[in-house]
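Visitor: The structure's right below; bear with me while I get my questions together.
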Amino acid sequence: MRDILPDEAARWRAVENVVHQVMQAFNYREIRTPVMEQTELFARSIGELTDIVSKEMYTFTDRSGDSVTLKPEGTASALRAYIQGNLGEQGSLTKLYYMGPMFRQERPQAGRLRQFHQFGAEALGAMAPELDVEMMLIPLTMYRNLGISQTSLLINSVGCQRCRPPYKELLRRELRKVRAHLSDDSQARIEQNPFRVLDSKDGGDRKATASMPLMKDHLCAECSAHFARVQELLKKLNVPFEIDGRLVRGLDYYTKTAFEITSKDLGSQDALAGGGRYDLLVEELGGKPTPGVGFAAGMERLMIVMEKRDTTVPGPSGPKIFLIGLDGPSRTWAFETACALRARGIPAETDYLERSVKAQLREANRQHAEFVLVIGEEELKTGTGKVKEMKTGRENTVSLKTFVQTFS
Ligand code: AMP
């Protein structure tokens, strides 16, 4: 878990602004859910056998004996809120987005933290493949607007409750034949979670499973048509993509489309964003049968890529004006005037350390103040002073009495 210090926080804010703008452009509405939930919500949605639920969640018993868990991802909470808040009643399609901290007790490494931040969206109430494509386009649009275009879009279909069980059995049979060549982890997964064996990064596992049957070649007619339509739409929109028949993602709830956006600028943790369709999840969580699709993207990894690409967005600038007082009365004037400007929403700063004019000017420079105004005995007597624009050195004489109004 790490701190986001002021310089970095300014860059985060600029990126968050882009996230909000693009979500708005796609007509998604923000939802804010609590930082923790009842543990059962995640066990039921993400899946008992996934890495997240079985070994990564921050789970504890609170003082009333309830088991609670810090959110490891956003979809389960968003859907719980959708069901509890009756959002489905308001229209047949509900578009939600969120942004916030998530928690997973993973082994920390570059691009993998225990508290990280995600932004994501969920569209609930429609089966349309257009929405699957929309979920890919939202993060891609954000990345493009932030100056990042070198990303890869990988897509797959993980089938549905009709075509997945027979395929899973077929895969298990094939995996048992090569059991001896698989890593310990993968051997353990054959019976419980055979999909994850295909997803293994282990070289030996890759070799042993090189010619395994893939879900995308065993889809039912409905899933197959859906997957074809997603590809057709991506082509129509000129969005480059690759089909990755091994992509399963670490969460159990996906049906049909699954996708990931990766960047070569990241190390082994190369996923910037991931998502997919989850047509059974709302019902699973106690709501009415409602199809859905969503994505989640990591903020920290986005910041890493932006830094590597040198596309850092400008953070909010320093104070608009730095008011410099030379003696007691002019310092008081500077403080009063700074407060009056701030009350009008103008970022203003003054000195609190009784520094010399030279030191105050240096400080104004360091903070990237746009203007400075130096006030001393003489200025207070005549009621006029000179405002200097730091960048050009240009000076303007102003009346102190009306300064707050005129400068505003
Ligand atoms: P997931 O919820 O696992 O599909 O993750 C979606 C995105 O969140 C990933 O593509 C990453 O960008 C980000 N992410 C997931 N886990 C972490 C983590 N432990 N640290 C930093 N970013 C993460």
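Visitor: Name the residue that is farthest from the ligand (Cβ to nearest atom), counting only residues in the range 73-95 that are open to solvent by less than 10 Å² (accessible area, probe 1.4 Å) and aliphatic (A, V, I, L, M).
Guide: Looking at residues that are open to solvent by less than 10 Å² (accessible area, probe 1.4 Å) and aliphatic (A, V, I, L, M), I get L79.
Visitor: Return the pair list, or none, for Cβ contacts closer than 6 Å from residues in the range 108-135 that are in the same structural domain as Q21 (by TED's automatic domain parsing) and touching a residue at least 60 places away in the same chain (Cβ under 8 Å) to residues that are near the ligand (Cβ under 8 Å from one of its atoms) and polar (S, T, N, Q), at least 6 apart or on different chains.
Guide: Every condition considered, the pairs that remain are G111/Q269; R112/Q269.
Visitor: Moving to a separate point now. Among the candidates S263, S268, S317, which residue alone is among the hydroxyl-bearing types (S, T, Y), open to solvent by 40 Å² or more (accessible area, probe 1.4 Å) and either under 17 Å from V133 (Cβ atoms) or within 16 Å of the ligand (Cβ to nearest atom) (or both)?
Guide: S268
Visitor: Anything in the range 37-52 that is open to solvent by less than 100 Å² (accessible area, probe 1.4 Å) and either farther than 25 Å from Q109 by Cβ or touching a residue at least 60 places away in the same chain (Cβ under 8 Å) (or both)? List them, or say none.
Guide: Once the filter is applied, which keeps residues that are open to solvent by less than 100 Å² (accessible area, probe 1.4 Å) and either farther than 25 Å from Q109 by Cβ or touching a residue at least 60 places away in the same chain (Cβ under 8 Å) (or both), the range 37-52 yields E37, T39, L41, A43, S45, I46, G47, L49, T50, D51, I52.
Visitor: R179 versus (1) away from the ligand (no atom under 16 Å from the Cβ); (2) touching a residue at least 24 places away in the same chain (Cβ under 8 Å); (3) surrounded by fewer than 16 Cβ atoms within 10 Å (Cβ to Cβ): which is the lone unmet condition?
Guide: (2)
Visitor: Condition first: part of a strand (DSSP E or B), charged (D, E, K, R) and either open to solvent by 40 Å² or more (accessible area, probe 1.4 Å) or closer than 20 Å to Q161 by Cβ (or both). Now tell me which residues in the range 242-260 satisfy that.
Guide: Listed by number, the residues that qualify are E242, K256.
Visitor: Now for a different question. If you go through the range 131-149 one residue at a time, do you hit one that is among the aromatic types (F, W, Y), over 30 Å from D217 (Cβ atoms) and open to solvent by less than 10 Å² (accessible area, probe 1.4 Å)?
Guide: yes
Visitor: Of the residues S211, S224, which single one is small (G, A, S) and assigned to a loop (DSSP other than H, G, I, E, B)?
Guide: Going through S211, S224 in turn, just one is small (G, A, S) and assigned to a loop (DSSP other than H, G, I, E, B): S211.
Visitor: What are the residue pairs meeting all of these: first residue in the range 347-376, first residue within 16 Å of W333 (Cα to Cα), second residue outside any helix (DSSP H, G or I) and among the polar types (S, T, N, Q), Cβ atoms under 7 Å, and 6 or more apart or on different chains?
Guide: Filtered contacts from the range 347-376: E349/Q367.
Visitor: Of the residues T69, T33, only one is in contact with a helix residue (DSSP H, G or I) (Cβ under 9 Å, 6 or more places away or on another chain), part of a strand (DSSP E or B) and in the same structural domain as E283 (by TED's automatic domain parsing); which?
Guide: T69
Visitor: Take the range 110-126 and flag every residue that is more than 9 Å from the ligand (Cβ to nearest atom), part of a strand (DSSP E or B) and either of a type in the set (A, V, I, L, M) or open to solvent by 10 Å² or more (accessible area, probe 1.4 Å) (or both).
Guide: Answer for the range 110-126, where residues must be more than 9 Å from the ligand (Cβ to nearest atom), part of a strand (DSSP E or B) and either of a type in the set (A, V, I, L, M) or open to solvent by 10 Å² or more (accessible area, probe 1.4 Å) (or both): A121, A123, L124.
Visitor: Now a separate question. With P129, P165 as the choices, which residue is away from the ligand (no atom under 13 Å from the Cβ), closer than 23 Å to G245 by Cβ and at pLDDT below 95?
Guide: Exactly one residue qualifies, and that residue is P165.
Visitor: Return the pairs, sorted by first residue and then second, in which the second residue is in a helix (DSSP H, G or I) and among the aromatic types (F, W, Y), the first residue lies in the range 68-95 and is closer than 17 Å to L281 by Cα, the beta carbons are less than 7 Å apart, and the residues are 6+ apart or on different chains.
Guide: Between residues of the range 68-95 that are closer than 17 Å to L281 by Cα and residues that are in a helix (DSSP H, G or I) and among the aromatic types (F, W, Y), the close pairs are P72/F42; A76/F42; G88/Y82; T94/Y82.
Visitor: Scanning the range 361-395 for residues that are assigned to a helix (DSSP H, G or I) and polar (S, T, N, Q), which turns out surrounded by the most Cβ atoms within 10 Å (Cβ to Cβ)?
Guide: Ranking the qualifying residues of the range 361-395, first place goes to N365.
Visitor: Something else: Can you tell me how many residues within the range 271-289 are buried (at least 23 other Cβ atoms within 10 Å of the Cβ) and either in a loop (DSSP other than H, G, I, E, B) or of a type in the set (V, I, T) (or both)?
Guide: 2
Visitor: Consider K55 against the criteria (1) exposed (fewer than 12 other Cβ atoms within 10 Å of the Cβ); (2) outside any helix (DSSP H, G or I); (3) assigned by TED's automatic domain parsing to the domain that holds G275: it satisfies all of them except one. Which criterion is unmet?
Guide: (2)
Visitor: Quick one: H20 ticks every box in (1) surrounded by fewer than 19 Cβ atoms within 10 Å (Cβ to Cβ); (2) assigned to a loop (DSSP other than H, G, I, E, B) bar one, so which box is it?
Guide: That leaves (2) as the condition not met.
The values are calculated or read from the model by the stated rules, or taken from the named source; none is laboratory data. Values in this document were obtained by computation on a predicted structure and should not be read as measured data. Reconstructed Cβ throughout: ideal geometry from the backbone, glycine too, with neighbour counts over all protein chains shown. Quick note on the areas: whole protein, heavy atoms, side chains included, nothing else; ligands and nucleic acids left out. Shrake-Rupley method; radii C 1.70, N 1.55, O 1.52, S 1.80 Å.
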